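Engineer: Before I ask anything, let me first share the structure, which is written out below as structure tokens.
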Amino acid sequence: MNNKIANIEELLKQMTLDEKASLCSGMNRWKTEAIDRLGIASMNVSDGPHGVRRPKNENEYGMKNAKENAPATCFPTASALASSWDRELMKRIGEALAKEAKRLDVQILLGPGINMKRSPLGGRNFEYYSEDPYLAGELGVAYVNGLQSQGVGACVKHYACNNQEHERMSISAAVDERTLREIYLPAFEKIVKEAKPWSMMAAYNKVNGIYATENDYLLQSILREEWGFQGIVMSDWGATSQRVQALAAGLDLEMPGPSPANDKKIVAVVQEGKLDEQLLDQAVRNMLTVLFQVLEHRDPECEVDIDAHHQLAKEAAVSSMVLLKNEDSILPLNVSRMSTLAVIGPMAVEPRYQGAGSSKVNATKLEQPLEYIKKAAGDAVNVLYAQGYSDKLETEEVESTETVLRGTVHETALVSCEEAYEAELTSNEETRKTKLALRKEALDAAQKANVVLLFLGLPEKIESEGYDRQHIDLPINQVKLLEELAQVNENIVVVLNNGSAIAMPWIDKAKAVLEGWLCGQACGSAIADLLFGVINPSGKLQETFALQLEDNPSYLFFPGEEGKVEYREGIYIGYRYYDSKNMKVLFPFGHGLSYTTFQYSNLQVSDLEIKDIDGLQAQVDVVNTGDRVGKEIVQLYVKPPRSRLKRPIKELKGFQKVELSPGERKTVSFELTKRDFSYYDPNVGAWVMESGEYEIHIGKSSRELCLSQVVTVHSTDKALVSLSSDSIVKEWIDSPIGKQALFDILEEENMKEKIDASLAGVHAEMVLGMPIKKLFYFDPSKAERLDLILERLIQRLDVLRS
Ligand code: BGC
């Protein structure tokens, strides 16, 4: 142990109350407080998550303009990175971020952001990994491990249920216990347990009526007591409400600082005996432990190879982009069969490569897709560029479209969009002329070209931290342009720049769609390499693309009203909902195409019948049946049997990304744990696994399952429900010891045969749904001894349980 950490108890004894309280809030926007007389220095924290955003002036937020921050590599944002499904890559990105953080004297990086994508409207979805907690957790573990292996602390955010931007500083997420445990907490839980992050960020919002920053249940009972978290909990910037309650609940650090008024409040309540000083001491202990740990690794001289990091950003970008559609194998582009290529859309020149808000990095460089497309096309191909539409003109248009959309239901939204669009076209003569000229130029280029590369996407105005989207459509002027281009050229390839799912009512007009996400500073060469087949696409969707917004399970309950957002769809988020309902979607969770083909075979599990589950292995062979090197993401889903509590039809419980040369075969393996088969039972307050037949599926996406194997599980979990004389017959029979107790008593009462017959007959369903006492009540010979029989039944159960 570091000497300073060993000395913390000694330090605590020497500290005055004021000094202790001072450590519980920042010194400025980005620094923690120092105590010079005791040799306690400050540490610096910075955003995160996909690049280090270190404001040049630490008294500023540095958010008006990215240039206010020191240059740093801008990696793809989280929704892109998660589409790589690549743990090893995430780890290397974590390591690279740590080196840059060190160089900029940053000790804690504010990331990763791992909140679930409850609705595609979430303004910050670009900064989050997935709609699936397993995928988000696995990737988060790798990122945190990478970062912390270099001595820079992670700050996992935003804990918890920060799933929208609307009223983010006040809204209360009303979420039931099972949903919390199965959907909104597991990614945090996995990271805390497996990667041991040095800090966590408590979210702005309330969870079930209590601010996350003062939520004792989240911060103490779950985070520290259940999961064993040992780092510091800091507030999101300005998220502290009642400082004293927050401290008592486990919020160690209020950010940003300084916050002298709150420091004084802490001192006063301790002096008045209203707050046990032990609680303050514990916060200080947490602070100092992490502080000394990160300062030990402080290294502003740390060498950073900026070019190598740019290359890593490129590798991340190519691994993250998802080829959604590729009709007639129009991609990869075949230069030898092409004389003219039209590149249309301003994002080909000025890509949207990162999100807006606190994560906006001052990139060390920025690649322009057009430049790399020209290089890849070579001299023999005439590359024509046309802007087609204008971001600036578009902003006005978007504004007017948004105004129309706000407060309307989606059915009328498209009509309204059209109206706004037409209105805009006629409202301003100059704008109209410019737009017509831009479109004419684009149509001319498209007419001459063999293939059109059309760059579309969401402007920053629509997608940002701080507000949610109002719809999931592309701006109407972009869609109009696509429709017009499709009339003159049938070979349209759409390249998208957006941070989260969009609807594509226009998909039939495009032969191919490459989801380019917000893919960081090396997006230019990445896009070109994928389009021209220098690199084979290998990303897959970390979120479902629905046909329309209304299909999303949270649609009717998002973003809430009167200060509260009810998570009424419960555990049915993303594919858990679409797949359970067998609904048509645009592109399913886990979908992504390649220029080669893969086949799976030979699924084997280590046990076909197993008592408890830990250690169950599954393996499958994957072969590259095409003629190019490629990477495949093999996904494992578990389908549970019908259980006492309703469950999603299947859930992701494993994945492996594997690279294969043409003809090459590899075996990929998965290890499953009991938790992978369990659900959270709020009545028992624990994860439970039921006995039954579980199906293990191996698939290419949640909708393309290729192989399956049934495993019979005998659970050793004790009674799942507390059984009483009011519990129904089914509950008694479903519990192994309940069944035993019941059958013993039925034998003793000579009722076994009769009841067996009823359970096999046409009224079985009704009998199974009766309270157990009715079995005896309806038998006239037992009615008088009813209480006695029930007492014996419960006693028998108790004996078996012990
Ligand atoms: C964001 C955090 C960010 C912090 C500091 C907040 O508004 O929610 O994610 O780390 O600002 O910039």
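The values are calculated or read from the model by the stated rules, or taken from the named source; none is laboratory data. As the structure is a computational prediction, the values presented were derived from the model and not from experiment. Virtual Cβ from ideal backbone geometry, glycine too; neighbours counted across all protein chains shown. These area figures cover heavy atoms from the full protein model, side chains too; ligands, DNA and RNA do not enter into them. Shrake-Rupley method; radii C 1.70, N 1.55, O 1.52, S 1.80 Å.
Engineer: Among rounded, prolate and oblate, which fits the stretch 524-583 when a ≥ b ≥ c are the square roots of the eigenvalues of its C-alpha gyration tensor, a/c under 1.5 means rounded, and a/b larger than b/c means prolate?
Structural biologist: Prolate shape, in that a/c is at least 1.5 and a/b is the bigger ratio.
Engineer: Something else about it: Which net charge results when you count Lys and Arg as +1 and Asp and Glu as -1 among the other residues whose beta-carbon is under 10 Å from that of A173?
Structural biologist: On the way: positive: R118, K206, K564; negative: E566.
Within the 10 Å Cβ shell, the charges total +2.
Engineer: Computed from the mean reciprocal separation of all distinct C-alpha pairs, what Kirkwood hydrodynamic radius does the stretch 474-569 have, in Å?
Structural biologist: Result for the stretch 474-569 stands at 15.9 Å.
Engineer: Hey, can you rank 218-227, 256-265 by average C-beta count inside 10 Å, highest first?
Structural biologist: Going by the mean number of other Cβ atoms within 10 Å, highest first, we get 218-227, 256-265.
Engineer: Then there's this: For the stretch 598-714, what relative contact order do you get, as a whole percent, if you take Cα pairs closer than 8 Å and at least 6 residues apart? Could the numbers behind the result be given before it?
Structural biologist: Working: 265 pairs, mean separation 37.1, N = 117.
Taking the mean separation of contacting Cα pairs over the length of the stretch 598-714, I get 32 percent.
Engineer: Among N208, T434, S259, whose Cα sits farthest toward the positive end of the charge dipole of the chain (+1 at Cβ of Lys/Arg, -1 at Cβ of Asp/Glu, about the Cα centre)?
Structural biologist: Value: T434.
Engineer: Report the local net charge at A618: Lys and Arg +1, Asp and Glu -1, summed over other residues whose C-beta lies under 14 Å from its C-beta.
Structural biologist: Once all neighbours under 14 Å are counted, the net charge is -4.
Engineer: Counting only heavy atoms of the protein chains, get the accessible area per residue of the chain (1.4 Å probe) and round it to a whole Å² value.
Structural biologist: Computed with neighbouring chains in place, this is 38 Å² per residue.
Engineer: Tell me, what is the percent relative contact order of the stretch 464-511, built from C-alpha pairs under 8 Å that lie six or more residues apart? It would help to have the intermediate numbers written out before the result.
Structural biologist: On the way: 26 pairs, mean separation 23.0, N = 48.
Reported as a whole number, the value is 48 percent.
Engineer: Let me ask something else about it. So, how do all the Cα-to-Cα distances of the stretch 284-380 break down into 10 Å bins, in percent, from 0 on up?
Structural biologist: It works out to 10, 27, 29, 16, 9, 7, 2, in whole percents.
Engineer: Next question, about the same structure. Given the DSSP H assignment, sum -39500 (n - 2.57) over each helix run of at least 4 residues in the chain and divide by its residue total; what's the result at 222 nm in deg cm²/dmol, nearest 500?
Structural biologist: So the calculated ellipticity at 222 nm is -10000 deg cm²/dmol.
Engineer: State the percentage of accessible surface on the chain attributable to carbon and sulfur atoms; use a 1.4 Å probe and exclude ligands, DNA and RNA.
Structural biologist: Working: 14720 of 30860 Å².
The computed percentage sits at 48.
Engineer: Once Lys and Arg get +1 and Asp and Glu get -1 on their Cβ, which of L185, I755, G520 lies farthest toward the positive end of the dipole of the chain?
Structural biologist: G520
Engineer: How are the alpha carbon pair distances in the chain distributed across 10 Å bins from zero to the largest one, expressed in percent?
Structural biologist: 3, 13, 21, 22, 19, 12, 7, 3, 1, 0
Engineer: Answer rounded, prolate or oblate for the stretch 673-768, using the Cα gyration tensor with square roots of eigenvalues a ≥ b ≥ c: rounded when a/c is under 1.5, else prolate when a/b is larger than b/c, else oblate.
Structural biologist: Working: a/c = 2.72, a/b = 1.80, b/c = 1.51.
Because a/c hits 1.5 or more and a/b exceeds b/c, the stretch 673-768 counts as prolate.
Engineer: Given the stretch 598-714, what whole percent of its Cα pairs are spread farther than 17 Å?
Structural biologist: 55
Engineer: When only Cα pairs under 8 Å and 6 or more residues apart are kept, what is the percent relative contact order across the chain?
Structural biologist: Details: 1792 pairs, mean separation 104.7, N = 802.
Computed value for the chain: 13 percent relative contact order.
Engineer: Given Cβ point charges of +1 (Lys, Arg) and -1 (Asp, Glu) and nothing else, what value in debye, to the nearest 20, does the dipole of the stretch 648-689 about its Cα centre take?
Structural biologist: The calculated dipole for the stretch 648-689 is roughly 80 debye.
Engineer: Taking the alpha-carbon centroid of each part, what is the distance from the stretch 593-627 to the stretch 725-741 in angstrom?
Structural biologist: 38
Engineer: What is the distance in Å between the Cα centres of the stretch 434-468 and the stretch 476-555?
Structural biologist: Using only Cα atoms, the two centres lie 12 Å from each other.
Engineer: Then there is this: Give me the distance between the Cα centres of the stretch 746-788 and the stretch 245-308, rounded to whole Å.
Structural biologist: Between the Cα centre of the stretch 746-788 and that of the stretch 245-308, the gap is 63 Å.
Engineer: Given R₀ = 25 Å, what would the calculated FRET efficiency be for Q230 paired with R37, taking r from the Cβ atoms and rounding to 0.05? Walk me through the numbers on the way to the answer.
Structural biologist: Numbers: r = 27 Å, r/R0 = 1.09.
Given R0 = 25 Å and the Cβ-Cβ separation, E is 0.35.
Engineer: Ok, one more. About its Cα centre, how strong a charge dipole does the chain have in debye, to the nearest 20, once Lys and Arg get +1 and Asp and Glu get -1 at the Cβ?
Structural biologist: Magnitude of the dipole: close to 740 debye.
Engineer: So if the hydrodynamic radius of the stretch 202-281 is defined as the Kirkwood radius over C-alpha pairs, what does Stokes-Einstein give as its diffusion coefficient at 4 °C and 1.567 mPa s, in µm² per second?
Structural biologist: Rounded, D is 102 µm²/s.
Engineer: Here's something else I'd like to know. Quote the FRET efficiency, to the nearest 0.05, computed for Q447 versus E327 with a Förster distance R0 of 30 Å and r equal to the Cβ-Cβ distance.
Structural biologist: Between Q447 and E327 the formula returns 0.90.
Engineer: Which one, L147, A510, L586, is farthest towards the positive end of the dipole of the chain when Lys and Arg carry +1 and Asp and Glu -1 on their Cβ?
Structural biologist: It is L147.
Engineer: Rounded to the nearest 0.05, what FRET efficiency do E753 and R178 give with R0 = 30 Å and r taken as the Cβ-Cβ distance? Could you check?
Structural biologist: Approximately 0.15, to the nearest 0.05.
Engineer: Another question, then. Among DSSP bridges having both ends in the stretch 152-274, what percentage is antiparallel? Round to the nearest 5.
Structural biologist: 15
Engineer: Given 20 °C and 1.002 mPa s, compute D for the stretch 1-122 with the Stokes-Einstein relation, Rh being the Kirkwood radius over Cα pairs; round to the nearest whole µm²/s.
Structural biologist: The estimated diffusion coefficient comes to 127 µm²/s.
Engineer: Roughly how big is the stretch 598-714's charge dipole about its Cα centre, with Cβ charges of +1 (Lys, Arg) and -1 (Asp, Glu), in debye to the nearest 20?
Structural biologist: The calculated dipole for the stretch 598-714 is roughly 400 debye.
Engineer: Another question, if that's okay. I'd like the GluC sites (Glu not before Pro) in the stretch 236-333 restricted to DSSP loop residues with at most 14 other Cβ atoms within 10 Å, sorted by number.
Structural biologist: For GluC sites (Glu not before Pro) across the stretch 236-333 that sit outside H, G, I, E and B with at most 14 neighbouring Cβ atoms in 10 Å, the list reads E272, E301, E303.
Engineer: Moving on to the next point. Rounded, prolate or oblate for the stretch 729-801? Axes are the square roots of the Cα gyration tensor eigenvalues, ordered a ≥ b ≥ c, and the cut-off for rounded is a/c under 1.5.
Structural biologist: Verdict is oblate for the stretch 729-801.
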